[in-house]
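Since every read-out is calculated from the coordinates, none of them should be taken as a lab result. As the structure is a computational prediction, the values presented were derived from the model and not from experiment. Every residue, glycine as well, gets a Cβ built from its backbone with ideal geometry; the counts of neighbours run over all protein chains shown.
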Amino acid sequence: MITVMKFGGTSVGSPEALQRVAKIVMDEKNDKVVVVSAMSGITNFLVSLADNIGDKDDAVKQFEKKHLDTASHILDAKQMQEFMKEFTPRLNKFKTLLSDENAMKDPYFKDNVTSQGERFSSLLLSHVLRAEGVESVALTSEDCGIFAEGRPLSGSADLSKTESAMAMNVKPYLRKGIVPVITGFYGIKDGVPLTFGRGGSDYSAAVVANAMNADLLEIWTDVDGFMSADPRIVPDAIKIDEMNFGEAAELAYFGAKVLHPRTIEPVRRKHIPLKVKNSFSPEEPGTIIHHLRKPKDELLRSVAVKTDLSIIAISSAEIAFHPEMVARIIKKIAENEVVIYSISTSLSTVAFLVHNNDVKSILLKLNALESGDIERIEVKNDVALVCAVGDNLLSKCGVSGDIFTAVKEAKANVEMISEGASDVSLNFVVPMSRVIDVVRILHKKYVGEDAP
Ligand code: ADP
Ligand code: ASP
Ligand code: MG
């Protein structure tokens with residue numbers, strides 16, 4: 001039996017946190033493979049550094065100090081010597097990268113710089129485990145063969161290549177009882193790092209679970225599990241005991257930050273259950289996410305929010321009767337490889353929900369269409385998509401009406417609805433300025449204090 005255990009930034013963010021994590025790993029009876037994020041704050045630091053490489057010497061010093069201080073807090077002099085044998089070459093490689101003029105011109109330079117945090121947190125945890133008497137090896141995505149494809153800063157894993165490589169590069173360690181601690185967040189494309197988007201270590205861990213044919217994936221974070229809403233927006237959000245893959249996938253995709261948007265797919269494919277657990281309270285049971293779960297008599301199970309979106313509405317006479325024109329429009333938009341969060345059509349309009357940052361490039365593409373195709377384009381910026389999941393939400397008559405009544409109470413206008421596109425969620429769009437009130441009112445009425 002194999003368990004893949006992923007620890008997020010706060011879970012490896014201090015000497016105490018690392019020691020807590022080492023204990024969690026030691027308590028796991030199955031064979032285990034560990035995946036880690038960078039220490040909290042480090043990736044943000046590296047993003048700023050990649051954007052402004054000016055003070056690189058100072059930045060490297062700070063980076064070095066943070067990791068060395070943490071190590072020397074836990075390791076004794078002899079263990080520290082062993083640690084330095086791996087730390088120094090990794091740091092030298094990082095320094096070389098920052099002064100390599102050619103690397104800086106590479107479109108994947110920012111991926112390379114921002115992926116550095118995981119290389120050092122994995123080293124730290126591996127040595128903390130060794131200090132506890134556990135045989136462990138720190139492996140980078142390069143060592144393992146986690147292959148990626150796609151554009152800078154938004155890679156996807158090549159699952160089948162990764163599975164073959166990990167069978168060769170990682171499985172032998174398990175057979176010898178050695179615990180591999182692997183870098184999250186990035187894979188390798190043509191020999192250079194490609195990151196999976198912010199928060200991507202969850203996805204890395206799911207890719208590793210898929211590749212290792214694991215029996216369980218555990219995502220260890222800083223909350224008790226998957227909750228009924230983002231606890232920063234709704235402080236009385238409650239922990240959900242059980243979810244199915246579809247529900248978790250929709251909520252993660254539409255903004256529930258506890259899981260990277262694409263975490264579910266690699267484990268769903270192989271029916272590997274996923275647990276979300278709190279590394280600060282390991283005794284809490286967490287949330288189990290798997291194929292089937294018992295239905296519950298509840299309206300709303302969880303609600304997530306995706307902000308900073310825009311609606312691009314394209315009008316043309318009787319567009320509904322010209323599907324080939326809709327196809328042309330979609331093809332143009334797709335040339336930019338942007339994500340379309342929702343599409344809705346009427347007789348003469350087709351509307352797309354996209355990220356605010358993608359609007360400009362989409363408009364440029366649409367301008368290239370034959371002018372006869374399009375009569376008018378209207379853009380509404382700064383809207384948010386609310387994704388509501390619940391057993392009775394889509395099946396019980398009149399329920400969506402109740403939801404929209406609650407939205408009205410928040411004085412929000414519903415700008416777009418996609419009902420029926422998913423079999424687990426009801427998604428709708430409201431102005432960003434009202435979205436927090438919408439979520440709070442929905443939660444209070446259907447999960448919190450006023451719930452039936
Ligand atoms: P990690 O560093 O462990 O990956 P993240 O900060 O990426 O942790 O994700 C955990 C955070 O996600 C929580 O602290 C919480 O604020 C936020 N969050 C947003 N939506 C949810 C939700 N539905 N359930 C639980 N946490 C959520
Ligand atoms: N360290 C990366 C980030 O901050 C990946 C992760 O934490 O999952 O985005
Ligand atoms: Mg995360």
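Using Cβ counts within 10 Å as a stand-in for footprinting exposure, how do THR263, THR195, THR162 rank, fewest first? Provide the component values of the computation, followed by the final result.
Values: THR263 31, THR195 28, THR162 25.
Placing the least packed residue first, the sequence is THR162, THR195, THR263.
Compared with the alpha-carbon gap, the fully stretched path from ASP423 to ARG269 is longer by 53.6 nm at 0.36 nm per residue. Over the Cα atoms of the chain, the radius of gyration divided by the Kirkwood radius equals 1.00; this is the Rg/Rh ratio.
Here the spin labels are modelled as points 7 Å beyond Cα on the Cα-Cβ line, and at LEU364 and LYS444 they lie 4.5 nm apart.
Which net charge results when you count Lys and Arg as +1 and Asp and Glu as -1 among the other residues whose beta-carbon is under 15 Å from that of SER310? Neighbourhood net charge equals -1. When only the Cβ of Lys, Arg, Asp and Glu is charged (+1, +1, -1, -1), the dipole of region 1-74 relative to its Cα centre reaches about 260 debye.
Given that compact globular proteins tend to follow 2.2 N^0.38 Å, what is the ratio of the alpha-carbon Rg of region 201-240 to that value? Could the numbers behind the result be given before it?
Numbers: Rg = 13.2 Å, N = 40, 2.2 N^0.38 = 8.9 Å.
Dividing the Cα radius of gyration by 2.2 N^0.38 Å gives 1.48.
Using Cα pairs under 8 angstrom and six or more residues apart, how large is the relative contact order of region 2-290, in percent?
Reported relative contact order: 21 percent.
Note on LYS23 and GLU409: their simple-model spin labels are 4.3 nm apart, each label 7 Å out from Cα toward Cβ.
Computed across region 339-399, the Kirkwood radius stands at 14.3 Å (inverse of mean 1/r, all Cα pairs).
Under the definition of Cα pairs under 8 Å and six or more residues apart, what whole-number percent is the relative contact order of region 407-452?
On the way: 46 pairs, mean separation 16.0, N = 46.
Result for region 407-452 is 35 percent.
Among the lysines of region 163-303, pairs at least eight places apart or on separate chains and with Cα atoms under 21 Å apart come to 12. Using θ = phi - 60° in the Karplus curve 6.51 cos²θ - 1.76 cosθ + 1.60, the 3J(HN,Hα) couplings for region 390-403 round to x, 4, 9, 4, 9, 9, 8, 4, x, 5, 5, x, 4, 4 Hz; x is entered for Gly and Pro.
Under the √(5λ) rule applied to the eigenvalues of the Cα gyration tensor, what semi-axes describe the equivalent ellipsoid of region 177-225? Give them in Å, descending. Each step should come with its number before you reach the end.
Details: eigenvalues 80, 51, 20 Å².
In descending order, the three semi-axes are 20, 16, 10 Å.
Over 24 Å apart: what share of the alpha carbon pairs of region 302-446 falls there, rounded to a whole percent? Here the long-distance tail beyond 24 Å is 36 percent of all Cα pairs in region 302-446.
A helix-only calculation puts the chain at -12000 deg cm²/dmol for mean residue ellipticity at 222 nm, using -39500 (n - 2.57) for each DSSP H run of at least four residues, averaged over all residues.
Measuring r between the beta carbons of SER346 and SER160 and using R0 = 30 Å, the FRET efficiency lands at 0.10.
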